[in-house]
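Everything below concerns the one structure shown next.
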Amino acid sequence: MQKILFLMWFLPLWGLGGFSYAQQPIPALPQTKPIILKNAVIHKATGEVLQNGSIRFENGIITEIGTNINANNAEEMDMQGQHIYPSLILPATTLGITEVASLRPTHDYAETGLFNPNVRSLVAFNTDSEISPTLRSNGILLVQSTPRGGLISGTSSVMELEGWNWEDAQHTPDMGIHLNWISSYQRGGFFSPAGKAEKNEKYQEMTTLLEKFFVDAKIYSLNKDNSAPKNLKMEAMRGLFDGSKTLFINASFAKDIIESVQFAQKHQVKKIVIIGGEDALLVSDFLKQNNIPVILARLHRLPYRPEEDVWLPYKLPYLLKQQGILVGLAYDENDVEPMGTRNLPFLAGTASAYGLNKEEALMTVTANTAKILGIQDKVGTLEVGKHATLVVSKGDILDMRTSQVTHAFVRGKKLDLNDKQKELYQRYKKKYQK
């Protein structure tokens, strides 16, 4: 991806013109001594909640969790009854590769052409985004930076919202390929009646092209001759067939979900995840039988069919869990304006009001998402041996009325939680107090 020089040149001019007041927080220094957070309510995201507990971490790794832990040589921080959570995880987002939807020069999330598996969001990730600090203030410290566009959009990476550059911020690089499934029917435009779908005239043509591309990629992956010339697109696809990468499929209609999974299985793709999945409940038996997890997007929406329960989008996480399907939450599978993604925890809060209990809802934005992304051995829950990537809130982090993140750590590094929104709040608070 082409690096965006526009932000480096133009945005500072806004500051000179009086439009920007906040400074980006300086990246934190590595942890130098053990830290203990004590007298807290610890939500492990395993279903267990520890009252009046403590957590100790050293060199960025959790070493103890309990009510009576070793305090030797540690910096102790009294949380006074606050809540400790593992970092929330935001999947399928353009955060870091786009900034302002109305400013085309700030978009770096899509390339021309239908097949771009070799496009890596990793190297385009902008650690100087003004949006990222606002997500940290809501407890989101990990994101899956995801390309958009075409049939195969590119390769995503899990990034930490901390660091001077993309090399510092990378958590799990190049872990997924993203496929926009070709639907035989498409939803109508803005003025179309609710629930109406229109036939996709290019369905057969696009399906044929996609079939050929996957056949070529599979054949290429069988060639183990390292001296042969490299095809960058085919090299990027290789991980789908050996299990080192996951195929993330954007599909919503029930028919599309089944067809896309069967297509991937026919081509011997090892790991498959559905993103979007509005009709997932209609094909829940198929998803369970094939062990396909779902990342639900746009929980705060109306149903797409007039005959559906108006609360169905809110109930979906609970209903799918009841069917034995692993469910994670994304903000929006098409979030080309990522500033709203900071509200991810409140989607989980909505799910907790429509079937899931609070700890189950927390898991949809922590433990479950970590499993789906294949990073559960490092993050997603608060357990000994995992990264000390966690947040502290005065209230329930899933409730917008009480959530107030006071501390955040990425691999033991204590973050500065200042952001532009807080700066503007303080600025105009002082103005109107006069």
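The values are calculated or read from the model by the stated rules, or taken from the named source; none is laboratory data. For clarity, every value in this text was computed on a predicted model and none was experimentally measured. For neighbour counting, all protein chains shown are included, and Cβ atoms are generated from backbone atoms with ideal geometry for every residue, glycine included.
Restricting attention to segment 331-362, the residues that are over 15 Å from residue 399 (Cβ atoms), in a helix (DSSP H, G or I) and among the small types (Gly, Ala, Ser) total 1. The set of residues in segment 28-83 that are surrounded by 15 or more Cβ atoms within 10 Å (Cβ to Cβ) and among the small types (Gly, Ala, Ser) comprises 28, 40, 45, 53, 54, 60, 74. None of 101, 71, 110 is under 20 Å from residue 246 (Cα atoms) and of a type in the set (Gly, Ala, Ser) except 110. For segment 121-136, the candidate set comprises residues that are more than 16 Å from the chain's Cα centre (by Cα) and either under 12 Å from residue 174 (Cα atoms) or of a type in the set (A, V, I, L, M, F, W, C) (or both); within that set, the residue that is surrounded by the most Cβ atoms within 10 Å (Cβ to Cβ) is 124. For segment 101-120, filtering for residues that are crowded, with 17+ Cβ neighbours inside 10 Å and either of a type in the set (A, V, I, L, M, F, W, C) or not assigned by TED's automatic domain parsing to the domain that holds residue 210 (or both) leaves 3. Got at least one residue in segment 94-108 being under 30 Å from residue 212 (Cβ atoms) and of a type outside the set (Val, Ile, Thr)? Yes, the conditions are met somewhere in segment 94-108.
Residues checked against (1) crowded, with 20+ Cβ neighbours inside 10 Å; (2) modelled with pLDDT of 95 or more:
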position: 329; (1), (2): yes, yes
position: 334; (1), (2): no, no
position: 345; (1), (2): yes, yes
position: 358; (1), (2): no, yes
position: 389; (1), (2): yes, yes
position: 393; (1), (2): yes, yes
position: 406; (1), (2): no, yes
position: 419; (1), (2): yes, no
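Restricting to segment 363-395, count the residues that are polar (S, T, N, Q) and in a loop (DSSP other than H, G, I, E, B). Final tally of qualifying residues: 5.
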